[in-house]
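Values quoted throughout were computed directly from the atomic coordinates according to the rules given, and no laboratory measurement underlies them. Model, not experiment: these values are computed from the prediction. Note that each Cβ is placed from the backbone with ideal geometry, even for glycine, and that neighbours are counted across all protein chains shown.
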Amino acid sequence: MSRIWVTGYRSYELGVFKDNDPKVKVIKYALKQRLIEQIEQGMDWLITGGQPGIELWAADLVEDLKADYPELKLAVFVPFEGFGKNWKEGNQAMLAKAKSQADFYAATYKGDYQGPFQLQGYQDFILNHSDGALLVYDKDFEGKSAYDDKAIETFQSKAPYPLSRMDMEDLQEYANDYQEMMNEARWNS
């Protein structure tokens, strides 16, 4: 597996409305741990979209990870060319940063939003151009990632497609680890 699709909750679905929210540090810590596992299992392309939340946080981690894993590359795909143009300034800036850091960037459809078919086409494209997925989603905590979850399940019924899932229980365990690490750092300084 070399091309892994990383997706999951949007920032607002996690109650995150500012970049300095402490939850972002914990989520990035959790993502980084899982991404390192994926890299050590052969991932050399992180494929993600441009949604604020898990996707853009994962994209942001690639620069840090490249220090230890220089072979890692980032591909950012969006469902249409005008994607994100109506967002708040902060989210637009995060998307622009991801685009600038990407080794490959493309829209799966030309032009602006035309309909839900573009989002389905985007999912189909990503599934057919990746070797597996890391999905931050918990079926007990609904969100827009339910569509990705369903698309992955449907795809898995036709072809082998490994899925690594991170649910709320996993995130809580990573939060506990992160807190313990921060406490140790305070005691040691």
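Looking at the chain only, what percent of DSSP beta bridges run antiparallel? Nearest 5 please.
Working: 1 of 22 bridges.
Counting only bridges with both partners in the chain, antiparallel ones make up about 5 percent.
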* Just need the relative contact order of region 1-158 here, percent rounded to a whole number, with Cα pairs under 8 Å and 6+ apart. => 30 percent
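Rank these for me by crowding, Ser189, Ser100, going from fewest to most other beta carbons within 10 Å. Kindly include the intermediate steps, with their values, before the conclusion.
Numbers: Ser189 5, Ser100 9.
The order, fewest Cβ neighbours first, is Ser189, Ser100.
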* To do: Would you order Met181, Met166 from fewest to most other beta-carbon atoms within 10 Å of each residue's own beta-carbon?
  => Met181, Met166
* Asked: In nm², what is the average projected area of the convex hull enclosing the Cα atoms of region 2-76?
  -> 4.4 nm²
* **Share of Cα-Cα pairs in the chain lying beyond 25 Å, as whole percent** => 33 percent
* Structure fact -> From DSSP H assignment alone, runs of 4+ in the chain each adding -39500 (n - 2.57), the sum over residues rounded to the nearest 500 puts [θ] at 222 nm at -16000 deg cm²/dmol
* Asked: Under a Cβ-Cβ cut-off of 15 Å, what is the net charge of the residues other than Lys97 that fall near it, where Lys and Arg count +1 and Asp and Glu count -1?
  -> -3
